[in-house]
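Everything below concerns the one structure shown next.
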Amino acid sequence: MNNFEDLFEEGKADVERLSVPAELETRLRSALADRRVQRRPLQRWKLSIAVVLVVFSLSAYNYDALAYYGKQLLGYDQIMNGTLKQLNELGKGQLIGKSYTFKNGFTLTLDGVMLDSNQLLLFSTLKDPAGKIDQGDMIPMMSIKGLFGEYKENNGTGQISADKTEIKSVTSFDPPKFFFEKNLTLTVTMMAKGTMDKGSISFTLNRNTAMGYTLKKDINQTFDVDASKIHINSLLASPTKTVIDGSVMNILELAEAKLSGEERLGYFSPGSVDLRLYANGKEVAKQGGGMSTNLQGIIFNEDYDALPTDLQKLEIKLVSLGADHQVNKSFNLKTGSDNAALNILGQTIEIKKVFTSGGDTYITLSSEDGVVLTKVYLLIDGKQVSLNDTQNDSYDKIVEGKSGKVIHTRTLHFQGTGQNLEFDVQRMTYVKIYNEVLNIPLK
């Protein structure tokens, strides 16, 4: 191909160096006036064949490039992460190209989908010819229905164009449950002219474009955290993301906690799990997650980016666990600034100031960020008063050696005043650091 291009460039240069004699036009006109030569059909055929051969050669030369760009979902580079960009460049998506127009003139186009073992991704474009797509709540709600179930959207991301005429979005759904679930209907709902407008786009999944999974591991290992356990059940890595499934309590542990009384049940109510995934010693970017309670107990899932193809080492690290705990303790306070710090379940609550203003009582306190008094009362002369509001939140970073911590200061407002004050703390949330690591065998 390089030799051909060199010859072509040389011929082009020769042609550009040619000069036309000034008398050429006159001589040609004179010759044509005296003699007309009938073009033979064979010459026309030769010319046609030559044109076809040239076109075929150019098409053959560019076939791979045309096929490559033809399979890509265009216009999504700004909202795709690195993994999705690579998959898109490899043509791993399925193009759809179907649309629905709402009563307000908006048009939603389902450009394409990507499917693997962890999720079904929908790539869609919402257009407003008037260029006002950024005004109001214009994002439609989506769900997918198939023969064997309905799938709600998990999360999504989008970007508005510079001219405000369209939004490109990537929306994640759970993958269809069965392999033979192919015929699906996307239902879209949005406000149009004051009423709800609902439309649908039907499409057929091409299972040949599905990407399956790259690693599937039953882990069944446990982090022991004080009186509780964090079970890591499984890991499923696919080309688009990696999902870790686990539980804080199974159904038997949950029942045991309930039978043991309210104090223990409170301790086992997790609010957040900071779980991190490391591949080949590098942290894998987190994409999201969730926690819920069902017949299996308190379960959670953590979503991360796809694993590297040259995977050699895999680790799961429990950094911290945030939970809501029962306290049920009361502390005597007095108006002024000389109240002692409170030690509650190992967490320090510093009472900065207790004062009255406008017939109400205020308590200014500070603690490490992440420590929250979720249920408190103030007993004023024996009468229980609920928290009215929290005021004047501020955060200060304190550096200690090479590490640091953030101190959260705020003021609690209670209505009424009195001589005898008791600070009644019934529940408290705090985050405890663990930094424990599980090594996941790859074989």
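Couple of notes before you dig in:
- Check on Gly156, open to solvent by less than 30 Å² (accessible area, probe 1.4 Å) and either in the same structural domain as Phe203 (by TED's automatic domain parsing) or more than 20 Å from the chain's Cα centre (by Cα) (or both): no
- Tally, over region 280-336, of residues that are surrounded by fewer than 13 Cβ atoms within 10 Å (Cβ to Cβ), of a type in the set (Gly, Ala, Ser) and not assigned by TED's automatic domain parsing to the domain that holds Ile219: 1
Let's see how each residue does on (1) loosely packed, with under 11 Cβ neighbours inside 10 Å; (2) in a strand (DSSP E or B):
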site: Asp389; (1), (2): yes, yes
site: Arg410; (1), (2): no, yes
site: Val431; (1), (2): no, yes
site: Tyr434; (1), (2): no, yes
site: Leu442; (1), (2): yes, no
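- The set of residues from region 268-279 being open to solvent by 20 Å² or more (accessible area, probe 1.4 Å), within 28 Å of Pro239 (Cβ to Cβ) and of a type outside the set (Ser, Thr, Tyr) comprises Asp274, Arg276.
Conditions (1) under 22 Å from Tyr430 (Cα atoms); (2) aliphatic (A, V, I, L, M), marked per residue:
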| position | (1), (2) |
| --- | --- |
| His325 | yes, no |
| Lys334 | no, no |
| Asp338 | no, no |
| Ala341 | yes, yes |
| Thr361 | no, no |
| Leu365 | yes, yes |
| Asp369 | yes, no |
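- Any chance Met190 is part of a strand (DSSP E or B) and on the phi < 0 side of the Ramachandran plot: yes
- Residues of region 93-119 satisfying the condition of being of a type in the set (Val, Ile, Thr) and buried (at least 18 other Cβ atoms within 10 Å of the Cβ): Ile96, Thr109, Val113
- Members of region 223-244 found to be hydroxyl-bearing (Ser, Thr, Tyr) and farther than 11 Å from Tyr304 by Cα, listed by number: Ser228, Ser234
- The listed residue being under 25 Å from Gln287 (Cα atoms) and crowded, with 18+ Cβ neighbours inside 10 Å, out of Leu215, Leu236: Leu236
- Single condition Leu122 does not satisfy, out of (1) open to solvent by 10 Å² or more (accessible area, probe 1.4 Å); (2) touching a residue at least 40 places away in the same chain (Cβ under 8 Å); (3) more than 26 Å from Lys217 (Cα to Cα): (1)
- Subset of region 159-190 [crowded, with 16+ Cβ neighbours inside 10 Å and under 18 Å from Lys241 (Cα atoms)]: Ser169, Val170, Thr171, Ser172, Phe173, Pro175, Pro176
- Scope region 137-153; condition open to solvent by less than 90 Å² (accessible area, probe 1.4 Å) and either in contact with a helix residue (DSSP H, G or I) (Cβ under 9 Å, 6 or more places away or on another chain) or free of Cβ contacts under 8 Å to residues at least 40 places away in the same chain (or both); matching residues: Gly146, Phe148, Gly149, Tyr151, Glu153
- Among the conditions (1) farther than 30 Å from Glu283 by Cα; (2) among the hydroxyl-bearing types (Ser, Thr, Tyr); (3) in a strand (DSSP E or B), Thr417 misses just one, which is (3).
- Residues in region 193-212 that are open to solvent by 30 Å² or more (accessible area, probe 1.4 Å), assigned to a strand (DSSP E or B) and among the hydrophobic types (A, V, I, L, M, F, W, C): Met196 alone.
- Region 174-206: number of residues that are under 22 Å from Leu95 (Cα atoms) and either in contact (Cβ under 8 Å) with a residue 40 or more places away in the chain or under 22 Å from the mean Cα position of the chain (by Cα) (or both): 16
- Checking Glu153, Glu181 one by one, the residue that is modelled with pLDDT under 90, under 20 Å from Ile96 (Cα atoms), among the charged types (D, E, K, R) and outside any strand (DSSP E or B) is Glu181 and no other.
- Among the residues of region 354-372, those identified as within 15 Å of Ile407 (Cβ to Cβ) and either of a type in the set (D, E, K, R) or in a strand (DSSP E or B) (or both) are Thr364, Leu365, Ser366, Ser367, Glu368, Asp369, Val372.
The values are calculated or read from the model by the stated rules, or taken from the named source; none is laboratory data. A quick note: this is a predicted structure, and the numbers were derived from the prediction, not measured. Note: ideal-geometry Cβ built from the backbone for every residue, glycine included; neighbour counts use all protein chains shown. Note: areas computed on protein heavy atoms with side chains; ligands, DNA, RNA excluded. Shrake-Rupley method; radii C 1.70, N 1.55, O 1.52, S 1.80 Å.
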